[in-house]
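Worksheet: the structure to be examined is printed underneath.
The values are calculated or read from the model by the stated rules, or taken from the named source; none is laboratory data. Source: prediction; values computed, not measured. Backbone-built Cβ (ideal geometry, glycine too); neighbour counts: all protein chains shown. Keep in mind that these areas ignore ligands, DNA and RNA; they rest on the heavy atoms of the full protein, side chains included. Shrake-Rupley method; radii C 1.70, N 1.55, O 1.52, S 1.80 Å.
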Amino acid sequence: MGTPEFPDLGKHCSVDVCKQIDFLPFTCDRCLQVFCLDHRSYIKHTCPKGDREDVTVVICPLCAKGVRLNPNEDPNITWEKHVNTDCDPSNYEKATKKKKCPVPRCKEQLTFSNTIKCRDCNIDHCLKHRFGPDHSCPGPRKLPFMGFLSSSSSRKEAKTTRPNKASASTSSSSSTSRWSNLLSSAEAGISRLGNDISQKLQFSSSSSNDGIIEVCPQCGAKFSSVTSLVEHVEKTHERNKKQIHGKVTVDVCPKCSRGFRDPVDLVNHIERDHRGTSKA
């Protein structure tokens, strides 16, 4: 066997009838013996360990369940164990009976390819009755906690709609007082906002004219010229003096601190002595 150059080349087949020399032999992975090309399979050389890893399942005719046979155990013992423990004859109809479409008068059998589950009712139907109007779908199911929330909200509304007469009168009076307070505060805020806006507009208009700003010594309003300041004093402060009887006001020059009872005299003093500007 072999050649002088390769003495280990080739082996005899392990089958007694064959014993053929094969230069590319096959080793069985179960019995670990060497075989030729013709006897390499488990069946050809009747391998004693060929069925150790094979899986054999037998369908029970009573319950239609699969029973696995163990290679190291007698099939009759395995069958007796199944009959005494797992066999349930009532499961035979469920396993063998084919499922049909639940729509009345529909005889279509539901298989893997023609079955569609409705998204609202979660029931399997055939392709013909897959839409909701075709199988009279009741719609999605309501969650239990939604009913609890609705009942609790209705209870709260019932409690709020049944107040006492005394509480209703007190609540109405308190609400009216709150509204009056809100209206008064809103009116005061609007008047303050109007005064601030008028002062800012006067300041912006005066600052845009040659940079000369005249300031009223009584209210602090700013003007771009002396004439506008005089008009302001005559319109606003003279009227206030006429309305308030017996009260004498003195206007002070912002540059020399000289006092004047008449604002016109103060303006003439500023034009004559301070060259027409009241800036210090």
*All but one of (1) assigned to a loop (DSSP other than H, G, I, E, B); (2) surrounded by 10 or more Cβ atoms within 10 Å (Cβ to Cβ) hold for residue 32, so report the exception by its number.*
(2)
*Show the residue pairs that are 6+ apart or on different chains and have beta-carbon atoms under 6 Å apart, the first residue being within region 108-124 and closer than 10 Å to residue 140 by Cβ, the second being part of a loop (DSSP other than H, G, I, E, B) and small (Gly, Ala, Ser).*
120/139
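Taking residue 47, is it modelled with pLDDT of 90 or more and surrounded by 14 or more Cβ atoms within 10 Å (Cβ to Cβ)? Explain how you work it out, then say what you get.
Details: modelled with pLDDT of 90 or more: no; surrounded by 14 or more Cβ atoms within 10 Å (Cβ to Cβ): yes.
Answer is no for this residue.
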*If you check residue 267 against the conditions, is it surrounded by 17 or more Cβ atoms within 10 Å (Cβ to Cβ), in contact with a helix residue (DSSP H, G or I) (Cβ under 8 Å, 6 or more places away or on another chain), closer than 21 Å to residue 197 by Cα and at pLDDT 75 or above?*
no
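Would you check if there is a residue in region 51-60 being in a loop (DSSP other than H, G, I, E, B), in contact with a helix residue (DSSP H, G or I) (Cβ under 9 Å, 6 or more places away or on another chain), more than 30 Å from residue 9 (Cα to Cα) and open to solvent by less than 50 Å² (accessible area, probe 1.4 Å)? Reasoning before the result, please.
Quick first cut of region 51-60, residues in a loop (DSSP other than H, G, I, E, B) only: 51-55, 60.
From what is left, the residues that are in contact with a helix residue (DSSP H, G or I) (Cβ under 9 Å, 6 or more places away or on another chain) are 60.
With the extra rule that they be more than 30 Å from residue 9 (Cα to Cα), the set shrinks to 60.
With the extra rule that they be open to solvent by less than 50 Å² (accessible area, probe 1.4 Å), the set shrinks to 60.
For region 51-60, residues in a loop (DSSP other than H, G, I, E, B), in contact with a helix residue (DSSP H, G or I) (Cβ under 9 Å, 6 or more places away or on another chain), more than 30 Å from residue 9 (Cα to Cα) and open to solvent by less than 50 Å² (accessible area, probe 1.4 Å): present.
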_Positions within region 76-97 being modelled with pLDDT under 85 and either assigned to a helix (DSSP H, G or I) or small (Gly, Ala, Ser) (or both), in sequence order_ = 90, 91, 92, 93, 94, 95, 96
